[in-house]
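The structure under discussion appears below in the form of structure tokens.
The values are calculated or read from the model by the stated rules, or taken from the named source; none is laboratory data. The shown structure was predicted, so the numbers you read here are calculated from the model rather than taken from an experiment. Backbone-built Cβ (ideal geometry, glycine too); neighbour counts: all protein chains shown. SASA here: full protein model, heavy atoms, side chains in, ligands and nucleic acids out. Shrake-Rupley method; radii C 1.70, N 1.55, O 1.52, S 1.80 Å.
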Amino acid sequence: MSGLPSGGFTLRNASVPSVVLNAADDGTVLRLDIDVADGRIAGIRPADGPPPAGAVHNMDGGLVLPAFVDLHTHLDKGHIWQRQPNPDGSFMGALLSVADDRNSRWSAEDVAARMDFALRCAYAHGTAAIRTHLDSERPQGSISWPVFEEMRARWANRIELQAVSLVGPDCMLDPDLLRRVGQRVKSAGGRFGGAIAAHPRSAEAMRNMVAVAGELGLDLDLHCDESGDPAALSLRHLAEAVLEAGYRGRVAAGHCCSLAVQDERMQAEIIELVAEAGIAIVSLPLCNLYLQDRDVTGTRTPGWRGVTLLRELRAAGVAVAVASDNTRDPFYAYGDLDAVEVFREAARILHFDHPQPQAWGWIDTLTTGAAAIGGFEHKAEIAVGAPADLVLFRARDWTELLSRPQSDRIVLRHGTAIDTTLPDYRELDQLME
């Protein structure tokens, strides 16, 4: 793809899914001319009109998407695989391996270096907004939250950053300790969260989370039921706690894997509660495919994809998104915070591709829909007056986009093409010693 003109220009004959145009989603892809001036989108019109008068970059039917939103990541954990791999690929193996690495290696310098590396990857791939979960129990919370605040300031105007606390069931069942975490979160302008699956006191834990969030005026983002155990009911307990308390903040729940293996009656009841409570659901298809239904003996092929019931949830009116989750750590050995990769694999794992007329509507799970769930300033839409934060592709349609890595994409930030060279893993070698 040739270089862009300097200054104002028109992206001529671009293919744009209707869902990112701040318009009703009818599954269509429109051919448009997009005018860019002073770093913003100055005009949008059908491509069959007269040629524009100014400088032109001919997209030749190539897709144009807004810069992406990655709603669920773990920047504090990323890129530790070389020094702390998962010994058997299991969820418990990931938990224990991360705990070992965190307790021995997660200084402020270590977390900051790995976090910055990950953000440079995401930026080069075309992401403009990221929410990260941060391990927040003592003593790590006092290390990672200041690092995040510094990183948020350093990356302002490039990637809009949000952070969510991540604590375990023991903390969630201790209101005093939970309140101290919440106060630290509030001081950083963060979101309040924790992780719980099958647990005899998960209902109590969720009531505590909702109560402290309401008391401190915090939005919620929980890891729920990251498990293949149908007895894991933390998503149900979260919805019930939100409804009982009359909580009015934003609520998101990630993973929710167990929902897919529960019986149909339970699924229907939980989905109805989630919709009534206004909880958004974030599926993490790459990580869940990696961890769920793994046989640690290596003798059985997995029979379950690990993802939640995204279609059923959306059909019930629940806002949904997909996201990267972990990258190159014991929870997921791969990944690069590339939203195109996430969408490509989500399309395959979750069958976004059929029925075909509706397929493009799913791009909102990493653009407009994800931005709305997160409450980001970056709306991830293509609209007149919006910043020209765009990703340009030679690919013209669904199969062209999802069949190749799209390493020749052009990323525009404020109307200017950025350097999309990815950082070299060798930069991290010293941290792996």
Selection within the range 382-433 - touching a residue at least 40 places away in the same chain (Cβ under 8 Å) and β-branched (Val, Ile, Thr) = 382, 384, 391, 410, 411, 416, 418, 420, 421
Determine if the range 129-137 includes at least one residue that is under 22 Å from the mean Cα position of the chain (by Cα) and among the acidic types (Asp, Glu).
-> yes
Quick one: in the range 126-147, which of the residues that are of a type in the set (Val, Ile, Thr) and in a helix (DSSP H, G or I) is least open to solvent (accessible area, probe 1.4 Å)?
-> 147
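Residue-by-condition table, conditions (1) over 21 Å from residue 324 (Cβ atoms); (2) in contact with a Ser or Thr (Cβ under 8 Å, 6 or more places away or on another chain):
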position	(1), (2)
343	no, yes
354	yes, no
361	no, no
364	no, no
367	no, no
371	no, no
386	yes, no
389	no, no
Might you check whether a residue that is touching a helix residue (DSSP H, G or I) at 6+ places or on another chain (Cβ under 8 Å), farther than 27 Å from residue 373 by Cα, of a type in the set (D, E, K, R) and without any contact (Cβ under 8 Å) to a residue 60 or more places away in the chain occurs anywhere in the range 115-126?
-> no
Could you tell me which residue of the range 185-217 is most open to solvent (accessible area, probe 1.4 Å), considering only residues that are under 24 Å from the mean Cα position of the chain (by Cα), free of Cβ contacts under 8 Å to residues at least 40 places away in the same chain and within 20 Å of residue 91 (Cβ to Cβ)?
-> 195
The condition of being loosely packed, with under 13 Cβ neighbours inside 10 Å and not in a strand (DSSP E or B) holds, among 426, 394, only for 426
Failed condition for residue 25, given (1) at pLDDT below 95; (2) acidic (Asp, Glu); (3) part of a strand (DSSP E or B), with all others met?
-> (3)
Here the residues within the range 394-410 that are hydrophobic (A, V, I, L, M, F, W, C) and farther than 21 Å from residue 43 by Cβ are 395, 398, 401, 402
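Would you check which residues across the range 63-94 are aliphatic (A, V, I, L, M), surrounded by fewer than 16 Cβ atoms within 10 Å (Cβ to Cβ) and either closer than 30 Å to residue 382 by Cα or touching a residue at least 24 places away in the same chain (Cβ under 8 Å) (or both) and list them?
Just the residues of the range 63-94 that are aliphatic (A, V, I, L, M), to begin with: 63-65, 67, 69, 71, 75, 80, 92, 94.
Of the ones still in play, those that are also surrounded by fewer than 16 Cβ atoms within 10 Å (Cβ to Cβ) are 92.
Passing the criteria: none in range.
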Among (1) out of contact with any Pro (no Cβ under 9 Å at 6 or more places or on another chain); (2) farther than 30 Å from residue 224 by Cα, which single condition is residue 75 missing?
-> (2)
Looking at (1) in contact with a Leu (Cβ under 9 Å, 6 or more places away or on another chain); (2) of a type in the set (A, V, I, L, M, F, W, C); (3) assigned to a helix (DSSP H, G or I); (4) open to solvent by 10 Å² or more (accessible area, probe 1.4 Å), find the lone condition where residue 383 falls short.
-> (3)
When (1) closer than 22 Å to residue 81 by Cβ; (2) of a type outside the set (Asp, Glu); (3) in contact (Cβ under 8 Å) with a residue 24 or more places away in the chain are applied to residue 302, the one that fails is (3)
Take the range 242-257 and flag every residue that is crowded, with 24+ Cβ neighbours inside 10 Å and farther than 17 Å from residue 310 by Cα.
-> 242
Limited to the range 111-125, what total is found for residues that are open to solvent by 10 Å² or more (accessible area, probe 1.4 Å) and either under 22 Å from residue 138 (Cα atoms) or among the β-branched types (Val, Ile, Thr) (or both)?
-> 2
In this structure, is residue 65 part of a helix (DSSP H, G or I) and among the aliphatic types (A, V, I, L, M)?
-> no
Checking residue 322 against (1) modelled with pLDDT of 95 or more; (2) open to solvent by 70 Å² or more (accessible area, probe 1.4 Å); (3) at negative phi, which test does it fail?
-> (2)
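Mind listing whichever residues of the range 148-160 are of a type outside the set (Lys, Arg) and open to solvent by 10 Å² or more (accessible area, probe 1.4 Å)? Please lay out each step first, then the result.
Let us first name the residues in the range 148-160 that are of a type outside the set (Lys, Arg), namely 148-151, 153, 155-157, 159-160.
Selection gives 149, 150, 153, 156, 157, 160.
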Can you tell me which residues in the range 355-380 are open to solvent by 50 Å² or more (accessible area, probe 1.4 Å), modelled with pLDDT of 95 or more and of a type outside the set (A, V, I, L, M, F, W, C)?
-> 377, 379
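Kindly indicate the residue of the range 2-22 that is part of a strand (DSSP E or B) and at negative phi and also surrounded by the most Cβ atoms within 10 Å (Cβ to Cβ) among those meeting that condition.
Here the answer is 14.
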